[in-house]
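Undergrad: One structure, as structure tokens, below. Some questions next.
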Amino acid sequence: MNVTKRDYYEILGVGRDCDDQGLKGAYRKLALQYHPDRNPGNHAAEEKFKEAAEAYSVLSDSQKRAAYDRFGHQGVANVAGNGFDGAAGFPDLSDILSDVFGFGDVFGGGSRQRRNRAQRGDDVRYDLEIGFEDSMRGLSIDIQVPRLEECGRCHGKGAEPEDGLTTCPTCRGRGEVIYQQAFLSVRRTCSQCGGRGQIIRRPCKECKGEGYLKRERKLKVNIPAGVDEGTQLRLSGEGQPGVNGGSTGDLYVVLKVKPHPIFERHEDDLHCTVPINPAQAALGATVDLLTFDGLQTLKIPEGSQPGGRLRLKNLGVPRVNGSGRGDLYVHLEVRIPSKLTREQRRLFEELREVLPAENEPSEKGIFDKVKDYFM
Ligand SMILES: [Zn+2]
Ligand SMILES: [Zn+2]
């Protein structure tokens, strides 16, 4: 073949004084761009890939580079002999491309370890609904978690113990297949056996070849007081089993809290509404309220207004990550009687005579002001 060869520096697009790091970077870029896997069937790309590989192979070797600098292609041919007739003369790409996802596998170097690499098991989510009161007080509860456990009969292999496995016919047990692509030998993980080198001839009777069994596992979950809707509790090591000795995943218990008929939660505070009648609002009153801390006597002050509220310190939600508790806010709702007895009517009529009439139109926004005052 008598083709004029391009200058190696020109091929890589670098200057003649480029250092090793610069060469590596330039080559990496080209190798990624023209890699046969990314350009299937593209002959021009394959040629460029080959050209870049050859240029890098020479320039990254200080002896060959010196010879090339002095004598050009002829100089390298003398030193390197016929270096490019096979994979032997090919620069080690796995080192350069290993951090690029999807490329490590193409090159033989890493694949043997890769397929046996320990993999951490998956994390598992478990949704758990608890009562509002439980979220206030905390509780300890047993849950049944479905999860995979390694099959005891086949120890995760999925094949009958004695003679369930047979050597993979595609790769003859090597776990990888080698094929010629341009001047490269490309090694790939065998797709039939997934790199294991063996395939299942007789599936394990216990797990039907899965290697794992679905089991219900009983776990005790300690839920601290103060958890909220969406709180996640992590149970370390209670997720799915790892592969090849990898660690077990975690179990995340995600809480859902049932609403309470009376109390509503905002952050660490509780809110509730207590109805009172106009007389209680005007004269003040004491009212009993059943809270999570037992019966509390509320002193409703004289002259309370609709929308007013009372604050009961430290009767709110316990803080999960910290100390103390939020507060309990009691909102007052003044209810005007809609039906009056004869006696009530007489008293209201008397009141009407003595109370100053409120017949001036309100200033716009008066309700907001009242609210601001009390909130
Ligand atoms: Zn195979
Ligand atoms: Zn099994």
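The values are calculated or read from the model by the stated rules, or taken from the named source; none is laboratory data. From a predicted model like this one, the values you see are computed outputs, not experimental measurements. Neighbour counts are summed over all protein chains in view; Cβ atoms, including those assigned to glycine, are modelled from backbone coordinates with ideal geometry. Surface accessibility is based on the protein's heavy atoms, side chains included, excluding ligands, DNA and RNA. Shrake-Rupley method; radii C 1.70, N 1.55, O 1.52, S 1.80 Å.
Undergrad: Which of the aspartates and glutamates could a cross-linker bridge to K208, judged by Cα under 12 Å and excluding same-chain residues fewer than eight apart?
TA: Straight-distance partners of K208: E160.
Undergrad: Going 7 Å from the Cα of E133 in the Cα-to-Cβ direction, what parts of the range 208-228 have a backbone nitrogen less than 17 Å from that spot?
TA: Output list for this probe position: 225-227.
Undergrad: While we're here: If you line up the Cα atoms of the range 241-355 on their principal axes, what length do they span on each, largest first, in Å?
TA: Sorted largest first, the three principal extents are 89, 28, 21 Å.
Undergrad: Here's a follow-up. Using only the Cα atoms of the range 211-258, what do you get for the radius of gyration and for Dmax, in Å?
TA: 13.4, 42
Undergrad: Among the aspartates and glutamates, select those whose C-alpha is under 18 Å from the C-alpha of K50, and discard any that sit fewer than 8 residues away in the same chain.
TA: List returned: D7, E10, D37, D61, D85, D92, D95.
Undergrad: Considering only the other residues whose Cβ falls under 13 Å of the Cβ of A159, what net charge follows from Lys and Arg at +1 and Asp and Glu at -1?
TA: Neighbourhood net charge equals +2.
Undergrad: Can you tell me the convex hull volume per residue for the range 178-319, based on C-alpha atoms, in Å³ to the nearest whole number?
TA: 231 Å³
Undergrad: I've got another one for you. How big, in percent, is the set of alpha carbon pairs in the range 150-237 lying more than 16 Å apart?
TA: So the pairs more than 16 Å apart make up 69 percent of the total in the range 150-237.
Undergrad: What fraction, in whole percent, of alpha-carbon pairs in the range 271-337 exceed 13 Å separation?
TA: Roughly 63 percent, rounded to a whole number.
Undergrad: Same structure, new question: Rounded, prolate or oblate: pick one for the range 237-278, where a ≥ b ≥ c are the square roots of the eigenvalues of its C-alpha gyration tensor, a/c under 1.5 means rounded, and failing that, prolate if a/b is larger than b/c, else oblate.
TA: Prolate shape, in that a/c is at least 1.5 and a/b is the bigger ratio.
Undergrad: Any idea of the accessible area per residue across the range 216-280, 1.4 Å probe, to the nearest Å²?
TA: Accessible area per residue: 53 Å².
Undergrad: Next question, about the same structure. Net charge near K258: determine it from the other residues with C-beta under 15 Å of the C-beta of K258, scoring Lys and Arg +1 and Asp and Glu -1.
TA: That works out to -4.
Undergrad: Counting each pair of different Cα atoms once, what's the Kirkwood radius of the range 137-184 in Å, rounded to one decimal?
TA: In the range 137-184 this quantity evaluates to 15.8 Å.
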